[in-house]
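Everything on this sheet refers to the single structure shown next.
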């Protein structure tokens, strides 16, 4: 009797373990499919020249030899746009998160929190058009040349607006996960609130805050829509904050629409490169986070 | 006091390691902060360097003494012309040109908002769009044709032959009055073929498109019912059919839908080796589209020798149904749009040097640039159209003064 029950429970446990495994596999199917398709269709373009050569002339069915390339400047552009938008969004987002968690837990803070969530849901193309309109309006009011509306800076601003609510909300959640007893202990020792927040609460939550920042970077790294109206395009990649900038997602969008086989292969290979950049960023930051975490716990 | 350590802490085996640990912790934190500070400083220096152009090789090569120093020009619009435009601006050395293929509609709104130096559109400006952008000029910089593509399984064509269609039958198919492949008017055009009884699946563009503009213009001149009921524009209210986005969407739909018919840029059909129909021209010949037969069609069309000025209204220009025996009947221009007086349009920050860069580049596209057309399956402009474009470019001025022109790049 008892044996029966144990066997049944063990069987149930196996069943559910199997089901969760199945779900993991199901979740991995789209990812592997994307990576495989990009690899398969981009294979002819993948070579050293793909990174070092400029984008070749389009190659129609009449030509027998097609060349590939041109991803280099766009990798540069994407990395610079990610860096610029992180410089804008991460400090502001972390400060918003600190306010929401440490100072504004009720009243206006809850209103801000609600609108931060709303901002997360705004479609990225709308953010692009918003930044475009705002920049153009400013330029026209100050009597500048409307052509300056397209720049790396306005592209980074659009990306930063998309990143901001993600960073703010994850920071807030991370800080809230730090037990109140830690804050009380610090305050009881006579440490002022701002120092408690910055040196004790934020430090304890640092790995989670950094994970939030990484999520924000991942979110914007693959965005094409907000860049069409802001960063525009630039075959040279990045040439200055006030100049238009090229990025991998917009390059993929432009090339895939064309009828030329070599450009379409370039677009697929660029998609693969974009996924790889995200994987490298993720792995690199995981290594840094582990170090940070070890350092924090090592100090206790 | 005897028994104290040099730094004044009381002796005790348990205290010492803790103190050391604390010191170690704060020094490692200092190191951590120092690393962050260094990284931030390096990032700032690298960004500043980029800004100042440290990492760019200065390989500007002025062509002749009369050429202005190259500046950066921006253009936006047509996805159709993007590959040709890319070929142009990577070959041309007189200026750095930066083109974003966002679609003809966005190209027109961008040049109207003056956020670019030139816009590109496969359809001309409507009179309303023209009033919206005062001082705007438009000129054809390339041309194309519309191919009729279809999916007829189990129908075998003789070598060099294809499905025969004409404007009237196409209008009836797209109006929904011819619903089956073996319908009499269609069968009559194809005497040697046994067409199936299956219903025709009509596919059309769902997005605004210059290809739709040219195709519906062709249907309007072939059928009064089409002209009154539907008309021609970049988007129309289709009586029947399924919409697909972009040339790739149309081509994909025809490939996967049996018994379907659609229209696509000739350029797209040729590069992807999609089968297309022979279209009847005014002499009664059925012509399979090719770049050469489209070029001769544009040269022969009555409007090509009677083009409006750059400032004029191009929305009535029709280069279809040319009278030549071998002319393909569905031909179309694609346009560049820019301002006649950049100083007045953009303000005093638009330098004469930039205006010279713009006019020299535009001039290059309609002369030397045309030699790149055929290899990419674009239609080379006939000399009558180039002559009209030259008049348009010569009418440009910088705050009233003529803009010096030079052959650069």
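Computed from the coordinates by the stated procedures, all read-outs in this text should not be read as laboratory data. Every value quoted in this text rests on a predicted model; they were computed, and no experiment measured them. Positions of Cβ are backbone-derived with ideal geometry, glycine not excepted, and every protein chain shown enters the neighbour counts.
Remarks
- Here the protein assembly as shown carries DSSP beta bridges of which approximately 60% are antiparallel, counting only pairs with both residues inside.
- Site pair residue A:37 and residue B:285 shows an inter-label distance of 4.4 nm when each label is modelled 7 Å from Cα along Cα→Cβ.
- Considering all different alpha carbon pairs of segment A:1-85, the Kirkwood hydrodynamic radius works out to 17.8 Å.
- The order of B:104, A:151, going from fewest to most other C-beta atoms within 10 Å of their C-beta, is A:151, B:104.
- With Cα atoms as the point set, the radius of gyration and Dmax of segment B:288-392 evaluate to 15.8, 53 Å.
- Ranked B:371, A:67, criterion: other C-beta atoms within 10 Å, fewest first: B:371, A:67
- Tensor-based shape of chain A (alpha-carbon gyration tensor, a/c under 1.5 rounded, otherwise prolate or oblate): oblate
- For the pair segment A:225-300 and segment A:28-93, the centres of their Cα atoms are 8 angstrom apart.
- Cβ-derived FRET efficiency at R0 35 Å, residue B:405 paired with residue B:207, nearest 0.05: 0.40
- Treating r as the C-beta distance of residue A:111 and residue A:211 and R0 as 25 Å, the FRET efficiency rounds to 0.45.
- Take the Cβ atoms of residue A:193 and residue A:5, set R0 to 41 Å, and the FRET efficiency comes out at 0.15.
- Label-to-label distance, nm, for residues given as residue B:311 and residue A:15 (7 Å Cα→Cβ offset): 8.4
- At q = 0.13 Å⁻¹, base-10 log of I(q)/I(0) for segment A:76-247 (Debye sum, equal scatterers on each alpha carbon): -0.68
- For peptide A:258-266, the mean count of partner chain Cβ atoms within 10 Å of a residue's Cβ comes to 5.
- Residue ranges B:120-130, B:179-189 sort as B:120-130, B:179-189 when ordered by packing (mean number of other C-beta atoms within 10 Å per residue, highest first).
- Within 10 Å of each Cβ in A:220-230, the average number of Cβ atoms from other chains: 1
- For the peptide B:85-92, the mean number of other protein chain Cβ atoms found within 10 angstrom of a residue's Cβ is 3.
- Shape of segment A:21-160, Cα gyration tensor, a/c cut at 1.5: oblate
- When each of A:65, A:194, B:204 is scored by the number of other beta-carbon atoms lying within 10 Å, the sequence from fewest to most is A:65, A:194, B:204.
- Taking a ≥ b ≥ c as the square roots of the eigenvalues of the Cα gyration tensor, segment B:78-135 is classed as prolate, since a/c reaches at least 1.5 and a/b is larger than b/c.
- Computed from the Cα positions only, the extents of the protein assembly as shown along the three principal axes stand at 119, 88, 52 Å, in decreasing order.
- Tilt relative to chain A, helix A:108-120 - C-alpha long axis, 0 to 90 degrees, to 10: 30
- Each of residue A:53 and residue B:275 was given a label point 7 Å from its Cα along the Cα-to-Cβ line. The distance between the two points is 3.5 nm.
- Part-to-part distance (alpha-carbon centres) for segment A:95-163 and segment B:232-303, which is given in Å: 44
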